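> One structure is given below, represented as structure tokens, and several questions about it will come after.
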Amino acid sequence: MTAIESPRSPQRRSRGRTNTEMYAWLFMRVSGVLLVVLVLGHLFIMNILDGGVQRINFGFVAGRWASPFWQLWDLLMLWLAMLHGTNGLRTIINDYTRRDATRLWLKMALYTASALVITLGTLVIFTFDPNIN
Amino acid sequence: MSSSTTSPRSSGNIGRARLGGTLYRGREGMWSWVAHRITGVLTFFFLFAHVLDTALVRVSPDSYDKVIDTYKNPFVNVLELGLVGAVLYHALNGLRIIAIDFWSRGPKLQRQMLWIIVAVWVVVMVPGAFFMLKHSFEVMFGGK
């Protein structure tokens, strides 16, 4: 039987231990604050401001991405939201999976899908061509 | 530690009212956490679809416009309102979590802060729903 340490025993730090989880925790808060501005701003402009979703079409996107400001906005939002969401789902997978193999495969699927979407989104922002066709 | 700890509920003299301020499980603290997870997962799955539909601008203006037209359908419009509501809750509750973590009085005021963000959510969503659904109403019930 393994003995459980008393709650107030001094913390033991095993060698080679890293602070990855602390940085992940901190990233959720820092990216969260930025996303509040980026995403709520995006939702307000796209869904509420003059006409909302009804006015969105290819020309509307072309007009916005003509400006480096909105390109940067969307790029930052894409990366932060994807990383924030991926880390959130990683936490949920860690919480609810019981078998090591299930946990591993779910996370592999998550990381693969996230990497693909981040890459695709980034390429779309940088290679956008308003004169396509 | 072999003796079983007596649960607060079994000692009859502590009433429900007193437990209200101390219990986390099954109360505001837990339910706000459950809602945070559900709204987060929902938003993340939508984000996948949304990056893919936007990527159609690299295919052709026509294919992009065609898919974006589904967002303008009144039924999908209601789903969008749900998404906005989910994101807004997640954003406000996220700020509440940051306050709990970094503000010295945060943990003590977590319940009050939850009711504050619920109030803010309602105040933002009422005009938000009006502007988001306005066009759909006009399409469905005449006017336009």
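The values are calculated or read from the model by the stated rules, or taken from the named source; none is laboratory data. None of these values were measured; they are calculated from a predicted model. Every residue, glycine among them, receives a Cβ derived from its backbone with ideal geometry; neighbour counts consider all protein chains shown.
> Go through (1) aliphatic (A, V, I, L, M); (2) buried (at least 18 other Cβ atoms within 10 Å of the Cβ); (3) more than 10 Å from every other protein chain (Cβ to nearest Cβ); (4) more than 19 Å from B:V87 (Cβ to Cβ) for A:A66 and report which single condition fails.
(2)
> Let me ask something else about it. Have a look at A:A24, A:A66, A:A62 and point out the one that is closer than 27 Å to B:L133 by Cα and small (G, A, S).
Working: A:A24 fails: closer than 27 Å to B:L133 by Cα; A:A66 fails: closer than 27 Å to B:L133 by Cα.
After ruling out the rest, the residue left standing is A:A62.
> In addition: From the list A:L75, A:L120, which residue is surrounded by 14 or more Cβ atoms within 10 Å (Cβ to Cβ) and under 26 Å from B:G82 (Cβ atoms)?
Numbers: A:L75 fails: under 26 Å from B:G82 (Cβ atoms).
Being surrounded by 14 or more Cβ atoms within 10 Å (Cβ to Cβ) and under 26 Å from B:G82 (Cβ atoms) holds for just one of A:L75, A:L120, which is A:L120.
> Here's a follow-up. Filter segment B:102-121 for residues that are charged (D, E, K, R) and exposed (fewer than 13 other Cβ atoms within 10 Å of the Cβ); which is nearest to the other protein chains (Cβ to nearest Cβ)? First the steps, then the outcome.
First, the residues of segment B:102-121 that are charged (D, E, K, R): B:105, B:108, B:111.
Subsequent filtering for residues that are exposed (fewer than 13 other Cβ atoms within 10 Å of the Cβ) retains B:105, B:108.
Working: B:R105: 18, B:K108: 19 Å.
Only one residue tops the list, namely B:R105.
Matching residues to (1) at pLDDT below 95; (2) over 14 Å from the mean Cα position of the chain (by Cα); (3) of a type outside the set (V, I, T):
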{"position": "B:Y71", "(1), (2), (3)": "yes, yes, yes"}
{"position": "B:A86", "(1), (2), (3)": "no, no, yes"}
{"position": "B:N93", "(1), (2), (3)": "no, no, yes"}
{"position": "B:R105", "(1), (2), (3)": "yes, yes, yes"}
{"position": "B:V120", "(1), (2), (3)": "no, no, no"}
{"position": "B:F137", "(1), (2), (3)": "yes, yes, yes"}
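> Could you please tell me which pairs satisfy a Cβ distance under 7 Å, a separation of 6+ or placement on different chains, a first residue in segment B:38-66 that is within 7 Å of another protein chain (Cβ to nearest Cβ) and outside any helix (DSSP H, G or I), and a second residue that is surrounded by fewer than 15 Cβ atoms within 10 Å (Cβ to Cβ) and not acidic (D, E)?
Listed by first residue and then by second, the contacts come to B:S60/A:I132; B:S60/A:N133.
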